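J.: Dumping the structure here so I can ask a few things about it.
The values are calculated or read from the model by the stated rules, or taken from the named source; none is laboratory data. Nothing here was measured: the structure is a model prediction, and the numbers come from that model. Methodologically, a virtual Cβ is constructed for each residue, glycine included, from the backbone with ideal geometry; neighbour enumeration extends over all protein chains shown. Calculation scope for accessible area: heavy atoms of the full protein, side chains included, ligands and nucleic acids excluded. Shrake-Rupley method; radii C 1.70, N 1.55, O 1.52, S 1.80 Å.
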Amino acid sequence: MITAVMPTYARADLAFERGEGPYLYALDGRRFLDFGSGIAVNCLGHSHPHLVRELTDQVAKLWHTSNLYQMPGQQKLAERLVANTFADTVFFCNSGAEANEAGIKMMRRYQYVAGNREKNRILVATNAFHGRTLGTLTAGYSEKYREGFGPMPDGFDRVAFGNLNELRDAITPETAGILVEPIQGEGGICKAPEGYLEGLRKAADEYGLLVMFDEIQTGIGRTGKLFAYQWSDMEPDIISSAKGLGGGFPIGALLANEKAASAFSPGMHGTTFGGNQLATRAANAVLDEVLKPDLMENVLAMSQFLRTGLEAIGRKHPGFIAEIRGMGLLMGIKTVPTNSDVVAKLRELNLLTVPAGDNVVRIIPPLNITKTHVDEALAAIDAAAAALTS
Ligand SMILES: *Cc1c(COP(=O)(O)O)cnc(C)c1O
């Protein structure tokens, strides 16, 4: 008989009662070190005192009024995202896929408004993941996720991630824009090669295309900067954000420059819940912390500790680690044993991680972890390596 909760997930037999910092406490009393952060969402860990205070205050005041009215908290959040990025303006929604849908619409509509009515196709990458709506599934790579859900929307052309020559060859008079992740998350923590993002910008400028980055996983400090593109020497036209933005409260955002966003006049796009008082209070509280330079320094320092420790584990247990990937606290271990076996073994050892494509185990802890937490995680990974390579 079907379960009351629709069985769309293969869940572990584990439920939690409460969380504190990077620790989760299961109903049976076991304590887990959470290096999965609810899939890169809980960027400040669990029950962060500042987030708890801010949301508690908001809960007692006002939750939602809709976008029929002004929302000072939403305006403040937008102004802060604008002040700290390339963007001139921000649209708020409720999830990553929704932010990507808005971006895809924006790229097409931008060309339409500019009089380039033939330009409505988007270049997307192999190995990409952009969400589970019909449009974002089509933009994503996985054939498996699309099977049986057709007909899918038209208008996406795929090129090999990281290959600028192939991208240039794929540009046609119908191309409107380019959509890629600066570091592919679900695909297996694959970083764009040196110069790739700058090369995209150059090609886009030459052909009048927009560049959109899906920073849903890479953004909000995960790589040691607010957004991953800030490590490069270019600026995109559009960015989608979600996951870490609300620190655990659902919120998505589309950041754009004025040129791209001029495509959306009032009434062109919208959502009922987007950027309501609770969601934007949570995101403002997240930014209070993530915009502190100390936290970004911590991300880089902890990343270095993790990498050094993982390299040592790799030397100690040949046949466990095939490759260490990523940057900041968006790390991936390509394992020799099956990644789901490694994730299950680590869970037995009270360490939570998340599998990704290409047999990768994602290490995506809260950004405010300390060396003690890193050491604790490394000890569990060392023990898992010993158990799975013996
Ligand atoms: C998680 C994710 C999405 C989808 O976000 P949802 O909130 O699940 O819709 C899209 N793109 C990337 C890169 C992601 O990591």
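J.: Placing unit charges on C-beta atoms (Lys and Arg positive, Asp and Glu negative, everything else neutral), compute the dipole magnitude of the stretch 51-290 about its Cα centre in debye, rounded to 20. Intermediate results must be reported in sequence, preceding the final value.
T.: Working: 23 positive and 28 negative charges, 105 e Å.
It works out to roughly 500 debye.
J.: Let me ask something else. Using a Förster radius of 35 Å, what is the FRET efficiency between Ser390 and Thr370 based on their Cβ-Cβ separation? Nearest 0.05, please.
T.: So, using R0 = 35 Å, E works out to roughly 0.70.
J.: Sticking with the crude label model, points 7 Å out along Cα→Cβ, report the distance from Lys144 to Arg315 in nm, one decimal please.
T.: In this crude spin-label approximation the distance works out to 3.6 nm.
J.: Would you please give the FRET efficiency between Ile2 and Thr126, computed as 1/(1 + (r/R0)^6) with r the Cβ-Cβ distance and R0 = 51 Å, to the nearest 0.05? Don't jump to the answer; show the numbers that get you there.
T.: On the way: r = 35 Å, r/R0 = 0.69.
With a Förster radius of 51 Å, E is 0.90.
J.: Additional query: Looking at the stretch 23-99, which trypsin sites (Lys or Arg not before Pro) are DSSP coil and have at most 15 other C-beta atoms within 10 Å of their C-beta?
T.: On the way: sites: Arg30, Arg31, Arg53, Lys61, Lys76, Arg80; in loops: Arg30, Lys61.
The qualifying sites are Arg30, Lys61.
J.: Cα atoms only: what Rg and Dmax, in Å, come out for the chain?
T.: According to the Cα coordinates of the chain, Rg and Dmax are 20.9, 64 Å.
J.: A further question on this structure: Assuming a ≥ b ≥ c are the square roots of the Cα gyration tensor eigenvalues, decide whether the stretch 302-341 counts as rounded (a/c under 1.5), prolate (otherwise, with a/b larger than b/c) or oblate. Working shown, then result.
T.: Values: a/c = 2.65, a/b = 1.35, b/c = 1.96.
Here the stretch 302-341 falls in the oblate category.
J.: Right, next: Would you please give the FRET efficiency between Tyr25 and Ala322, computed as 1/(1 + (r/R0)^6) with r the Cβ-Cβ distance and R0 = 35 Å, to the nearest 0.05?
T.: Numbers: r = 33 Å, r/R0 = 0.95.
Given R0 = 35 Å and the Cβ-Cβ separation, E is 0.55.
J.: Assign one of three labels to the stretch 160-298, namely rounded, prolate or oblate, based on the Cα gyration tensor with a ≥ b ≥ c the square roots of its eigenvalues; rounded applies when a/c is under 1.5, prolate when it is not and a/b is larger than b/c, and oblate otherwise. Show your work: numbers first, answer last.
T.: Numbers: a/c = 2.23, a/b = 1.33, b/c = 1.67.
Taking the square roots of the gyration eigenvalues as a ≥ b ≥ c, the stretch 160-298 is oblate.
J.: Work out how much length Tyr112 to Thr272 would gain on full extension: take 0.36 nm times their residue separation and subtract the Cα-Cα distance, in nm to one decimal.
T.: Details: separation 160, 0.36 × 160 = 57.60 nm, distance 2.56 nm.
Length gained, Tyr112 through Thr272: 55.0 nm.
J.: Here is a further query. Can you put Met1, Met302 in order of accessible area, largest first, using a 1.4 Å probe?
T.: Final ranking, largest accessible area leading: Met1, Met302.
J.: Now for a different question. Any idea how far the Cα center of the stretch 17-64 sits from the one of the stretch 183-253, in Å?
T.: 26
J.: Now for a different question. Gap in Å between the Cα centre of the stretch 258-333 and the Cα centre of the stretch 73-108?
T.: So the separation of the two Cα centres works out to 16 Å.
J.: Another question about this same structure. Take the alpha carbon gyration tensor of the stretch 148-212, find the square roots of its eigenvalues, order them as a ≥ b ≥ c, and report rounded if a/c is under 1.5; if not, report prolate when a/b exceeds b/c, else oblate. Kindly include the intermediate steps, with their values, before the conclusion.
T.: Working: a/c = 2.13, a/b = 1.09, b/c = 1.95.
Judged from the Cα gyration tensor, the stretch 148-212 comes out oblate (a/c at least 1.5, b/c at or above a/b).
J.: Gln75 to Thr56: extension gain in nm, 0.36 nm per residue of separation minus the Cα-Cα distance? Mind showing how you got there, number by number?
T.: Working: separation 19, 0.36 × 19 = 6.84 nm, distance 2.02 nm.
Extra length available between Gln75 and Thr56 comes to 4.8 nm.
J.: For the chain, the longest stretch holding no GluC sites (Glu not before Pro) located in a DSSP loop with at most 10 other Cβ atoms within 10 Å is which? Before the final figure, lay out the partial values.
T.: Details: sites that count: Glu147, Glu194.
By the stated rule (loop sites, at most 10 other Cβ atoms within 10 Å), 195-390.
J.: Amide H neighbours of His46 under 5 Å, at least 5 residues apart or on other chains, H built in the peptide plane: list them.
T.: Under 5 Å from the amide H of His46 lie the amide H atoms of Glu20, Gly21, Tyr23, each far enough along the sequence or on another chain.
J.: Just subtract the alpha-carbon distance of Leu14 and Ala160 from 0.36 nm times their residue separation and send over the number in nm, one decimal. Can you show the working numbers first?
T.: On the way: separation 146, 0.36 × 146 = 52.56 nm, distance 3.81 nm.
Full extension of this stretch gives 48.8 nm more.
J.: Each residue of the stretch 373-390 in turn: what ³J(HN,Hα) in whole Hz from Karplus with 6.51, -1.76, 1.60 and θ = phi - 60°, glycine and Pro shown as x?
T.: Those phi angles translate into 5, 4, 4, 5, 5, 4, 4, 5, 5, 4, 5, 5, 4, 4, 5, 8, 10, 6 Hz.
J.: Taking a probe of 1.4 Å, how large is the accessible area per residue of the stretch 269-372, in Å²? List each step's numbers first, then the result.
T.: Numbers: 4000 Å² over 104 residues.
With all protein chains present, the stretch 269-372 gives 38 Å² per residue.
J.: Something else: Could you please state how large a percent of the accessible area of the chain is carbon and sulfur, counting protein chains only and using a 1.4 Å probe? Present the calculation step by step, with values, prior to reporting the outcome.
T.: Details: 9320 of 17390 Å².
Whole-percent figure for carbon plus sulfur exposure: 54.
J.: Further, regarding this structure: Set Lys and Arg Cβ to +1 and Asp and Glu Cβ to -1, take the dipole of the stretch 51-290 about its Cα centre, and tell me which of Pro193, Gln277, Phe129 lies farthest positive.
T.: Of the options given, the answer is Gln277.
J.: Another question about this same structure. Pairs on different chains or at least eight residues apart, Cα atoms closer than 22 Å: how many lysine pairs in the stretch 51-290 fit?
T.: So the count works out to 14.
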